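Following: one structure in structure tokens, then a few remarks.
The values are calculated or read from the model by the stated rules, or taken from the named source; none is laboratory data. Every value quoted in this text rests on a predicted model; they were computed, and no experiment measured them. Methodologically, a virtual Cβ is constructed for each residue, glycine included, from the backbone with ideal geometry; neighbour enumeration extends over all protein chains shown. Accessible surface areas use protein heavy atoms only, side chains included; no ligands, DNA or RNA. Shrake-Rupley method; radii C 1.70, N 1.55, O 1.52, S 1.80 Å.
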Amino acid sequence: MIRTTDLVKRYGTTEALRYVDLAVDPGSTYGLVGPNGAGKTTLLGILAGLRRPTSGSIEIDVDRSRIAVLPDTPRFDPWLTGREVAELAQRLTTGDGDRVEEVLSDAGLADAMDRTVGGYSRGMLQRLGVACTIVGRPSLVLLDEPASSLDPLGRREVLDLIGRLKGSATILFSSHILADVQEVCDTVGILDHGDLVFQGSVDALLVGQAVPRYRVRVRPPSDAVADALEQHDWVHAVEQNGADELRVTVSSLDDAESKLAGALAGAGAKVISIGPEAVTLEQAFLEVTR
Amino acid sequence: MSLWRLEWMRLTRTKRWIALVGVYLFFGLLGPLTARYLGEILDLAGGDLEGATIELPPPVPADGMAQYVGNALQIGTLVAVVVAAGALAFDAIPEMGIFLRTRVSDMRTVLTPRFTVTVTAVVGSFVLGGLAAWYETWALIGGLGAGDVVAGLLLSSLFLVFVVALVAAVAGRATSVLGTVMISILVLLVMPIFGFADAIGRWLPSHLGGALAAIPAGTESLSDYLPATAVTIIATVALLVLAVRFAASREL
């Protein structure tokens, strides 16, 4: 759906994007994560046609009229009603206005659609923005931090709306809230200072990019077990977490699966439990951007 | 909901039409009144000018229009620039610009209704004020030739079309409504300075602004405005082309 090759964007001497090769497959929900200033908004702006790249190429396999964009804090003429804003959004994309009430109801704005948007809360504006984004049945949806400035309830509502879009459109969704990305997206790209430092499935990031680590609980004392494990060359580090828990960093999950049980037995450990450490997206993100 | 209806609603719901109609109609009614009763107004103000005596000639019908044009060209144009900037600087709030830019690929589609509706409102208000001034001049001082007044209204209206086109072009570069207003006003203020040299002044769009006063007064004829008319039409078209190009090339 989207392919960029060596995409570069410079603002003066500052490189906002550095040779970014983005690949978003059709039908996927792609989460673009990165700290503030990483280049997420710039990349989305270029894909939306709002900014021009300094160099590099972009291929988007969908007509420009089928791309919908939601800025991070959507704003509308405050003297228009929610219904009128959605009608305008659909009229400008598909030429008709038959889905307005449907999308506004889906966005939880059924009771407020005939009120002027000047009186809308931040969350209502965001939901109206999402409604305007989907009213034209887009094939590609670009969402810039759609839930980052909302309270938990508003965030939940916007994430649910995005979740309902899955399957009907390709979604590229930027955020610095990793839990949102983990919940909604199947593919993730990590931007760091303009570099796309990781791109792949969320599972691949959690398993492959994070440091493979096992959490082992043994009957105390665990000191001798830790010393014994550290003698193996496939064990990179052993941290003691209390008297009965060891966090064993290994060279690969494959090594751990084939050798760790034997190594523990050889060390005379009385094993209570053993398993790979559940890695959160936040941990994986920190590993990748470290 | 179309972009045309959006602009109509911008005028009506934000009450901007009241500002335009109000200012031109106010000066249209006030101008002839001032021209007719200026002597009495000065007397009522005290008339003590430390021995100096001001003798005003009896008012003539052209004075009514001259009073209207004098005020309409200053305060009226300022209001017109502010209203036009509010409509044409559509990127002033980037999120609103994104709403339009990601749904409309050709900036002419965005600018045409904004320009047309604004011009219609500005020119309509100016003409309404001019007709009010014409009627009141007839009632208080004396009649003016319809041909002269209509010619003056047309030429002065052309100047206002130029003003809105100027605002459209400036809005393509400025980053705020205030910036658009300030730059546009600056250009409009600088233009008459060049006009002090008569050889240049008769070619400038600002020369058209005074047509509603000068033609009915008989101080200038329609043919005297041909150079400024030609330049204004060409400049208006050029400014509109620039406005579209500036809008298309802008990054948000």
Worksheet entry | Unmet requirement for A:Trp79, which otherwise passes all of (1) more than 10 Å from chain B (Cβ to nearest Cβ); (2) open to solvent by 10 Å² or more (accessible area, probe 1.4 Å); (3) of a type in the set (A, V, I, L, M, F, W, C) | (1)
Item to complete: Select the strands (runs of 3 or more DSSP E) contained entirely in segment A:164-273, then report the ones holding at least 2 residues which are free of Cβ contacts under 8 Å to residues at least 60 places away in the same chain and hydroxyl-bearing (Ser, Thr, Tyr).
Response: none
Discussion item. Restricting to segment A:42-70, name every residue that is within 11 Å of chain B (Cβ to nearest Cβ) and part of a strand (DSSP E or B).
Written reply: A:Ile67, A:Ala68, A:Val69, A:Leu70
Item to complete: Taking A:Arg91 as the residue in question, decide whether it is out of contact with any Gly (no Cβ under 8 Å at 6 or more places or on another chain), closer than 21 Å to A:Asp114 by Cα, assigned by TED's automatic domain parsing to the domain that holds A:Thr170 and not in a strand (DSSP E or B).
Response: no
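Can you name the residue in segment A:2-32 that is at positive phi and either aromatic (Phe, Trp, Tyr) or not in a strand (DSSP E or B) (or both) and, of all such residues, is modelled with the highest pLDDT? Lay out the reasoning, then the answer.
First, pick out the residues of segment A:2-32 that are at positive phi: A:6, A:12, A:19, A:27.
Checking the rest, the ones that are also either aromatic (Phe, Trp, Tyr) or not in a strand (DSSP E or B) (or both) come to A:12, A:19, A:27.
Working: A:Gly12: 89, A:Tyr19: 94, A:Gly27: 89.
Going through the qualifying residues, I end up with A:Tyr19.
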Worksheet item: Looking only at segment A:135-153, which residues are open to solvent by 10 Å² or more (accessible area, probe 1.4 Å) and either closer than 15 Å to A:Thr41 by Cβ or part of a helix (DSSP H, G or I) (or both)?
Response: A:Asp144, A:Glu145, A:Ser148, A:Ser149, A:Pro152, A:Leu153
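With respect to B:Ala248, is the statement that it is away from chain A (no Cβ under 14 Å) and at pLDDT below 95 true?
On the way: away from chain A (no Cβ under 14 Å): no; at pLDDT below 95: yes.
In short, no.
Hey, any hits in segment A:204-212 for a residue that's open to solvent by 20 Å² or more (accessible area, probe 1.4 Å) and either closer than 21 Å to A:Asp144 by Cβ or modelled with pLDDT of 90 or more (or both)? Write out each step before concluding.
In the first step, residues of segment A:204-212 are kept if they are open to solvent by 20 Å² or more (accessible area, probe 1.4 Å); the result is A:204, A:206-209, A:211-212.
Now restrict to residues that are either closer than 21 Å to A:Asp144 by Cβ or modelled with pLDDT of 90 or more (or both): none.
Looking through segment A:204-212, none of the residues is open to solvent by 20 Å² or more (accessible area, probe 1.4 Å) and either closer than 21 Å to A:Asp144 by Cβ or modelled with pLDDT of 90 or more (or both).
Counting only residues that are away from chain A (no Cβ under 14 Å), surrounded by fewer than 16 Cβ atoms within 10 Å (Cβ to Cβ) and of a type in the set (Ser, Thr, Tyr), give me the helices (runs of 4 or more DSSP H) lying completely in segment B:1-115 with at least 1 of them. Please lay out each step first, then the result.
Values: elements: B:3-13, B:16-44, B:61-71, B:77-88, B:94-101.
Once the helices (runs of 4 or more DSSP H) in segment B:1-115 are filtered for at least 1 residues that are away from chain A (no Cβ under 14 Å), surrounded by fewer than 16 Cβ atoms within 10 Å (Cβ to Cβ) and of a type in the set (Ser, Thr, Tyr), what remains is B:16-44.
Based on this model, can you work out whether A:Tyr120 counts as away from chain B (no Cβ under 11 Å), among the hydroxyl-bearing types (Ser, Thr, Tyr) and over 22 Å from the mean Cα position of the chain (by Cα)?
Working: away from chain B (no Cβ under 11 Å): yes; among the hydroxyl-bearing types (Ser, Thr, Tyr): yes; over 22 Å from the mean Cα position of the chain (by Cα): yes.
So A:Tyr120 fits the description; yes.
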